[in-house]
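Colleague: Here it is: the structure, laid out below.
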């Protein structure tokens, strides 16, 4: 194959664009994961919601989203340093 610099640059730009598009999915995932227990807590008829479990779930998801955002920022930042 012909490994010219233009093709390598286009490939790196395509990878950077895909990673950037993937990073836009973090807020969507956050909304999906965090809205469900909040709605479930207010819509149960019996009133026997385990609020301590809901709080642990919310803060666990929040921590995982912070970690995902940190890793994505490191990944995106490392690509810009290489260019």
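Each reported figure results from applying straightforward, stated rules to the coordinates on display, with no laboratory input. In this text the structure is predicted, and so the values were computed from the model without any measurement. Backbone-built Cβ (ideal geometry, glycine too); neighbour counts: all protein chains shown.
Colleague: Given labels modelled 7 Å from the Cα in the Cβ direction, how far is it in nm from residue 57 to residue 12?
Modeller: Distance between the two pseudo-spin positions: 4.5 nm.
Colleague: Using a 10 Å cut-off around each Cβ, can you sort 3, 10 from fewest to most neighbouring Cβ atoms?
Modeller: Going from least to most buried by this count: 3, 10.
Colleague: Quick one: go through segment 59-78 and flag any residue whose amide nitrogen is under 13 Å from the point 7 Å out along the Cα-to-Cβ line of residue 29.
Modeller: So the set is 61-73.
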